[in-house]
Amino acid sequence: MTSWFGGRICGPTLAMALLGGSAHGGDKADVPPPAPSSQAVTFTDLEGANIHATLVREMLALRQGQKGPATQSIDWQISVEPDARIRFTFRPTTQTPRGTRTAPARGATVKLDEPWSTDNGEAVMQFKDGDLTFVRSYEGGAVRTIISLKRDGQNLTCSASSVWARDRGKSGHVLNSPVDGGAVTILSWKPGPSTCNVTR
């Protein structure tokens, strides 16, 4: 069983639960309804849009038997193309007591709701109720990156957030470092500031 903060996704395996369930969880239950001037965003509204988002997370990580704090900033570039295709790149920069390291940019062009394999697990892009959501599984849990979009007249605006889930009974996420491929266990995590903007 995997818990998304207060909400839960249940299923025989983590991957099946992630890919078969909704892109939403308990983390958005307390979000107030949009202001009356806002209009619902459809995927058609996004075609041709370019989204740039930066998300920061504060972590406690374990690597090669050493535990320490780390701050990671992930720069996302997302383009919405015809036929429900999403082209994206992301580049993480990680700051630790040993210094700052930036990984090479990685990305792909994918189709909505069609999962693919990564070096850490399965991933999928979903869109529902104005939220473009990237779900990625790891050993011991999963991460959702959510781009929430709104339309006010001719303008599109966005906000970005991340939600981490941990499998029950697991001490943390085990993943391959995006910088050098070494195994890292993320023991704890909290979100930092984020930015997001949309252009055409």
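The values are calculated or read from the model by the stated rules, or taken from the named source; none is laboratory data. Fair warning: this is a prediction, and the values are worked out from it, not measured in the lab. Reconstructed Cβ throughout: ideal geometry from the backbone, glycine too, with neighbour counts over all protein chains shown.
Structural remarks
For (1) more than 17 Å from GLN77 (Cβ to Cβ); (2) acidic (Asp, Glu); (3) part of a strand (DSSP E or B), each residue gets a yes or a no:
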{"site": "ASP119", "(1), (2), (3)": "yes, yes, no"}
{"site": "MET125", "(1), (2), (3)": "no, no, yes"}
{"site": "VAL135", "(1), (2), (3)": "yes, no, yes"}
{"site": "SER161", "(1), (2), (3)": "yes, no, yes"}
{"site": "ALA165", "(1), (2), (3)": "yes, no, yes"}
{"site": "ASP180", "(1), (2), (3)": "yes, yes, no"}
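- The listed residues are THR109, THR118, THR89, THR93, and the only one of them that is under 18 Å from TRP164 (Cα atoms) and not small (Gly, Ala, Ser) turns out to be THR118.
- In the set ALA70, ALA108, only one residue is part of a strand (DSSP E or B) and crowded, with 16+ Cβ neighbours inside 10 Å; that residue is ALA70.
- The lone exception for ARG85 - which of (1) within 25 Å of CYS196 (Cα to Cα); (2) at pLDDT 95 or above; (3) loosely packed, with under 14 Cβ neighbours inside 10 Å it fails: (3)
- When THR44 is tested against (1) loosely packed, with under 13 Cβ neighbours inside 10 Å; (2) of a type outside the set (Asp, Glu); (3) more than 24 Å from GLY107 (Cβ to Cβ), just one condition goes unmet, and that condition is (3).
- Summed over region 42-67, residues that are touching a residue at least 40 places away in the same chain (Cβ under 8 Å), part of a loop (DSSP other than H, G, I, E, B) and over 24 Å from ILE147 (Cβ atoms) total 1.
- When each of LEU112, LEU149, LEU156 is tested for being among the hydrophobic types (A, V, I, L, M, F, W, C), at pLDDT below 95 and closer than 22 Å to THR54 by Cα, the lone residue that passes is LEU156.
- Among the residues of region 88-105, just one is among the charged types (D, E, K, R) and loosely packed, with under 14 Cβ neighbours inside 10 Å, namely ARG98.
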